[in-house]
Amino acid sequence: MSTHRTVLVTGATGNVGGHVVTRLLELGADVRALVREPSTSRLPSGVAVAGGDLTRPDTLDAALAGVDSVFLVWPGLSTAAAPATVERLAEPARRVVYLSAMGGRDGERPVGFWGEMEDLIERTGLESTFLRASGFATNTLGWAEQIRTRGVVRWPYGHARRSLIHEKDLAAVAALALTEDRHVGAAYTLTGPEAVSQQEQVRLIGTAIDRDLRWEEQPRAKARESLLAAWGDPAFVDMALDGWAAMSDTPEPVTTTVEDVTGVPARTFRQWALDHAADFR
């Protein structure tokens, strides 16, 4: 990899993007971070910070100047602004690594906005790599308030078995895809090393913080009501609930792709819980 390659990291202050920044610096890349509020960003020294908003492509000129590669995390569920933004990214950049989602089967294009984004990127002719991730382990941080205040997690489908992935593993694959040519054209299905039920995830978090936590099964209708208030998209909420229901009988797939790409086995959910114990205390 050339140390003079300039990589733009979107979502640079997020759970995955922050680790992508760190890994790219370790690999010797010139890193530029796209943030909405440069004055309040807290990024490592050596990172160039540029203001801009992905949903407003007219704000991206400074961030994209001289960029070779882009790590793309699309914000939100709507792709209304995406065609113009992806077209704008393709003007200076030659490569984009997009954080997508797992499809229904290994190698299958995901549904929803993730699939729409992949289509848009392919149409540009850019060198591309799609990171089709299973569920993010960091999504369980949504239970943190319940755990801290009551020691009980109320959530649906406790028997749903998920192969949640550690954000550091996603970042490790992303950094290599941004800086090595061998990943061009790949669509990687990325998971944790095992499928763990949601009830077991809560138990493992409890072990990490040395507390006895309890799972309380939440009726689907009540969960749907809460998720609609949080996400606002009925179709997306129903897709999530249907997915968890299906995983109660058929676990989320497990792949070895993290290890195949990086040479290091994917981190377990147990390890993730230990890494994030302070967030649940």
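The values are calculated or read from the model by the stated rules, or taken from the named source; none is laboratory data. Treat the numbers as computed from the prediction; the structure is a model and nothing was measured. All Cβ positions, even for glycine, are placed from backbone atoms using ideal geometry, and neighbour counts span all protein chains on display. The protein model used for the area step is the full one, side chains on, heavy atoms only, and it has no ligands, DNA or RNA in it. Shrake-Rupley method; radii C 1.70, N 1.55, O 1.52, S 1.80 Å.
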- With a point put 7 Å past each Cα toward its Cβ, work out how far ASP212 is from ARG109 in nm, to one decimal. 5.2
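How many percent of DSSP beta bridges within the chain run antiparallel, rounded to 5?
On the way: 3 of 34 bridges.
Of the beta bridges lying entirely in the chain, close to 10 percent run antiparallel.
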- Just from its helices, what would the mean residue ellipticity at 222 nm be for the chain, if runs of 4 or more DSSP H residues each count -39500 (n - 2.57) and the sum is divided by every residue, rounded to the nearest 500 deg cm²/dmol? -11500 deg cm²/dmol
- Task: Throw me the Rg/Rh for segment 115-194, computed over C-alpha atoms with Kirkwood Rh, two decimals.
- Result: 1.11
- Message: Working only with C-alpha atoms, what are the Rg and Dmax values of segment 186-281, expressed in angstrom?
- Response: 15.9, 43
- Task: Apply the Debye scattering formula to the chain, with a single equal point scatterer on each alpha-carbon and no solvent, then give log10 I(q)/I(0) at q = 0.10 Å⁻¹.
- Result: -0.54
- Item | GluC sites (Glu not before Pro) restricted to segment 42-147 and DSSP loop, no more than 16 other C-beta within 10 Å | GLU108
- With a point put 7 Å past each Cα toward its Cβ, work out how far LYS222 is from ASP260 in nm, to one decimal. 4.2
- Message: Quick check: pseudo-label points 7 Å beyond the Cα along Cα→Cβ at LEU77 and LEU141, how many nm apart are they?
- Response: 2.1
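Hey, any idea what % of segment 1-156's accessible area is carbon plus sulfur with a 1.4 Å probe? Could the numbers behind the result be given before it?
Working: 3270 of 6860 Å².
Percent of accessible area from carbon and sulfur atoms in segment 1-156: 48.
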- Expected unfolding gain across GLU87-ALA277 under the 0.36 nm per residue rule, minus the alpha-carbon gap, is 64.3 nm
